[in-house]
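Bear in mind that the values in this text are calculations on the coordinates, not laboratory data. Just so you know, these numbers come straight off a predicted model, no measurement behind them. Heads up, the Cβs are rebuilt from the backbone with ideal geometry, glycines too, and the neighbour counts pull from every protein chain shown.
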Amino acid sequence: MENNTVLGRFAPSPTGRMHAGNIFAALMSWLIVKAQGGRMVLRIEDLDRDRSRSSFADQVMRDFEMLGLFWDEGPYYQQNRDEAYEAAFKKLEERGLVYPCFCTRADLHAASAPHRGEKLVYPGTCRNLSPEDIERRESERKPSWRMIVPDEEYAFEDMVQGPFSQRLDRDCGDFVIRRSDGLFAYQLASVVDDAAQGVNCIVRGMDLLVSTPQQIYLQDMLGFGHCTYAHVPLIVGERDRRLSKRDRDAALDELLRIHGTPAAIVGHVAFIAGLIPEEAPLMPGDLLGCFELGALNSLFPDKVQILWR
Ligand code: GLU
């Protein structure tokens, strides 16, 4: 494939059926990539073995297809990619960028994408343990593994949000790349897979904006190229509240019951997000004709959230 081909991705975690929020993010990803004549990869992010089920993966693929969100490559999975993650981990370890961490809270959200409001700045407690300390503590419990961050600013230009930057030491802290149970964390797996699969255009929910500087830093340390990014507003149930099980009407089976057809669902989501001025049944391919890539940074009056209705 030529280097300048835009390659985007759908990266669902197979933990349940789709809902309005991930339908919207997937729709935006497809539109932004296709408006550039690009191709889509489907990657099932089944890193977290406890939460992922293959029946959900099959279901999520059927949901994507039903909604006209077609992919050109894949499906790829994460469960059989340990060798690639291990190789990247080793590379970082050899550069002296990784250390064991014995703090218990460390594992909590390590393998899944951290969502808005959950970001903790790790204070570096285990960064300077002596070899003796490490040996003693390793006999008590298995450590997780953290990546040392520099006191540098990581900045990028987001297609929707505009310029965004973080001082990794102050805003993030050393972050987990491998959990104490041996599983590789979302940040590492996602960066390794994007590079291996040739992904160069990442469109996803606003909740992952804060992960992007860490991912750019990982790309730099692993010698991978950078991507373009678009972080789209989250669809929320009420102000500042993520869609949840309480929002039954936003779940795909319920959306089908209420709206009748996939096109009516896509049209409804596109309408409440302001992509079309009047609600009408439409498939993603129909939306492409009126989608203006250049207007992306002024498309959403509220770039953070869109109220579900
Ligand atoms: N698998 C993540 C999710 O479904 C998306 C991760 C990403 O887009 O980087 O929330």
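General observations
- Counted charge near Tyr186, where neighbours are those whose Cβ lies closer than 9 Å (Asp, Glu -1; Lys, Arg +1): -2
- Amide H to amide H distances under 5 Å link Glu45 with Ser13, where only residues 5 or more positions off or on other chains count and H is placed in the peptide plane.
- Across segment 121-138, coupling constants 3J(HN,Hα) worked out from phi with the 6.51/-1.76/1.60 Karplus curve, θ = phi - 60°, read 8, 6, x, x, 3, 9, 4, 10, 5, 6, x, 5, 4, 4, 4, 4, 6, 5 Hz, and Gly and Pro carry x.
- Residue-by-residue Karplus 3J(HN,Hα) for segment 22-27, coefficients 6.51, -1.76, 1.60, Hz, glycine and proline x: 7, 5, 5, 4, 5, 4
- Sorting Ser29, Ser144 by the number of Cβ atoms found within 10 Å of their own Cβ, with the fewest placed first, yields Ser29, Ser144.
- 3J(HN,Hα) along segment 226-237, derived from phi through the Karplus expression 6.51 cos²θ - 1.76 cosθ + 1.60 where θ = phi - 60°, amounts to 8, 10, 9, 10, 9, 9, 9, x, 8, 7, 10, x Hz, with x in place of Gly and Pro.
- In whole percents, the pair-distance distribution calculated for segment 11-67 from its alpha-carbon pairs, binned every 5 Å from zero, is 4, 19, 28, 24, 16, 7, 2, 0.
- One decimal place: the segment Glu86-Ser165 gains 25.6 nm when fully extended, by the rule 0.36 nm per residue minus the C-alpha distance.
- All Cα pairs of the chain, percent lying beyond 27 Å: 43 percent
- Partnerless Cys - the chain, beta-carbon criterion under 4.7 Å: Cys103, Cys172, Cys201, Cys227, Cys290
- Once the Cα atoms are used to define both axes, helix 54-66 deviates from the longest principal axis of the chain by about 30 degrees.
- For Leu222, net neighbour charge (Lys/Arg +1, Asp/Glu -1) across residues whose Cβ lies under 14 Å away: -3
- Cα-projected label distance for Ala196 with Leu288, points at 7 Å along beta-carbon direction, nm: 2.9 nm
- For the chain: relative contact order, % (alpha-carbon pairs under 8 angstrom, 6 or more apart): 21 percent
- Packing-based ranking of 266-272, 290-296 yields 266-272, 290-296, ordered from highest to lowest mean Cβ neighbour count within 10 Å.
- A convex hull fitted to the Cα coordinates of segment 140-180 yields 85 cubic angstrom per residue.
- Under the Debye formula (equal points on every Cα, no solvent term), log10 I(q)/I(0) of segment 145-298 at q = 0.12 Å⁻¹: -0.69
- In summary, segment 258-303 shows an alpha-carbon radius of gyration equal to 1.16 times the 2.2 N^0.38 Å reference for compact globular proteins.
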